[in-house]
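Asks: First the structure, which I've put down as structure tokens, then a few questions once you've had a look.
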Amino acid sequence: MASSFCPKQALSFTNSAHQLHQSRAIPRDIHVRFPAPVSSPSSRCGLKSKTTTRLKVLATSATKVMDQSSSKASSQAPTVVEVDLGTRSYPIYIGAGLLDQPDLLQRHIHGKRVLVVTNTTVAPLYLDKTISALTDGNPNVTVESVILPDGEQFKNMETLMKVFDKAIESRLDRRCTFVALGGGVIGDMCGYAAASYLRGVNFIQIPTTVMAQVDSSVGGKTGINHPLGKNMIGAFYQPQCVLIDTDTLNTLPNRELASGLAEVIKYGLIRDAEFFEWQEQNMPLLLARDPTAFTYAIKRSCENKADVVSQDEKESGVRATLNLGHTFGHAVETGVGYGQWLHGEAVAAGTVMAVDMSHRLGWIDDSLVQRVQKILQQAKLPTSPPETMTVEMFKSIMAVDKKVADGKLRLILLKGSLGNCVFTGDYDQKALDETLRAFSKS
């Protein structure tokens, strides 16, 4: 239902025409259309960084992707997106066979000791390859490893202590490097361990899931869950680099792959309309794991994330918009028990709820609501929370959300045309109550 309410103190983030135009180099027999590269939203957000920051895209053009059919994939230069944070800037390497290029990792190892943090699922697949990449031609480096149980339900202090136990038992010093090999849970825990061990040591991200490759490995958010709330304990701590070997997606289960697409869809909704339109046309290729389409989706997502982080590293404004659907989604993850719903599944349902609330406020039209429903269904993601969630469960869990300020829950909501959003606590509470009642039991 339309509302005449208009927020007075909302941060508004709108989609603008892309200003970077680069040549395309796509083989004619690959039918994947790419929109223009990402432009900086600094002028449209009304936020200015304390230092001059801009997105840097290196090594290849924005639309040139690796030829997956090449027998010399491991010798090809990766696509590189840089997260520009001044003296703490770091590269995101993207491409196939990157774990077969030892120099990419070794250039970021500053001491002689490395601790690889991984889990029981990923270790049998990629631990040996990662150790080889760290030590090949570099005999001075010694690698230890710690293998954690797999799953969101293990993202807690008890499991985190296993990383510290291994580091201390191995007598690792301040020049050591921690390496996160796995999905979002491993990346978050390894990063938090690195931020805390000896008050901070270097670490590297090697994400092996779509979710981690397009979102959680970039930007320095690290931490663990608490029984009362997701990611309530943690730190902002940036890696030395992020290495995305797209070959690791070949072993990813279909459910995990779909879960990661929720974050890809998010970028299009909040700030990159052309990318959303590209997804609408190419979702079948993404689900089929088409290498060209997937490499592009990862790169475009990383460009968006890097641009936002470069402007707002510690989430004081524009970075909060990356949490579209997450407030509702985190409530689902906490409410049903960590690990029951994958993060992307919960975010997908939460996105539908945020879009529904935006529509009830009169901020978006029916067509956008329908497009969101359709693309999430195409991606084989849920469009409603589990039936066990009640209105009271949502309210009690959301009350301790990290975006609460002075007792007011701030939300990321869509407003205007595709690619526009607001981060605000100034909304009609009635709309939130109506959305919660529409999607959950009283």
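Bear in mind these aren't lab numbers, they're just calculated from the coordinates by the rules spelled out. Everything numeric here is computed off the predicted structure, so don't read it as measured data. Glycine gets a Cβ as well: all are built from the backbone with ideal geometry, and neighbour counts include every protein chain shown.
Asks: With a cut-off of at most 10 other beta carbons within 10 Å, and DSSP calling the residue loop, which trypsin sites (Lys or Arg not before Pro) in the stretch 225-293 qualify? Please list them.
Replies: none
Asks: Assuming R0 = 56 Å, can you tell me the calculated FRET efficiency for the pair D426 and K112, based on Cβ-Cβ distance, to the nearest 0.05?
Replies: So the FRET efficiency works out to roughly 0.55.
Asks: Wrap a convex hull around the Cα atoms of the stretch 79-120, take a quarter of its surface area, and give that in square nanometres.
Replies: Computing the convex hull of the Cα atoms and averaging its projections yields 4.4 nm².
Asks: Hey, rough spin-label estimate for T388 and L125, points 7 angstrom out along Cα→Cβ, what's it come to in nanometres?
Replies: 2.6 nm
Asks: Give me the net charge for the shell around R171: Cβ to Cβ below 11 angstrom, other residues only, Lys and Arg +1, Asp and Glu -1.
Replies: Once all neighbours under 11 Å are counted, the net charge is -1.
Asks: How do the peptides 207-216, 128-137 rank, highest first, by the average count of neighbouring beta carbon atoms within 10 Å per residue?
Replies: 207-216, 128-137
Asks: Still on this structure, please answer the following. With just the Cα atoms defining each centre, how far is the stretch 213-269 from the stretch 161-181? Give it in Å.
Replies: Result: 22 Å between the Cα centres.
Asks: Just to compare against my own numbers: the Cα pair-distance distribution for the stretch 151-251, 5 Å bins, whole % per bin, please.
Replies: Reading upward from the zero bin: 2, 15, 25, 24, 19, 11, 4, 0.
Asks: Same structure again: For the stretch 299-380, run through the trypsin sites (Lys or Arg not before Pro) and keep only the ones in DSSP coil with at most 13 other Cβ atoms within 10 Å of their Cβ.
Replies: For trypsin sites (Lys or Arg not before Pro) across the stretch 299-380 that sit outside H, G, I, E and B with at most 13 neighbouring Cβ atoms in 10 Å, the list reads K314.
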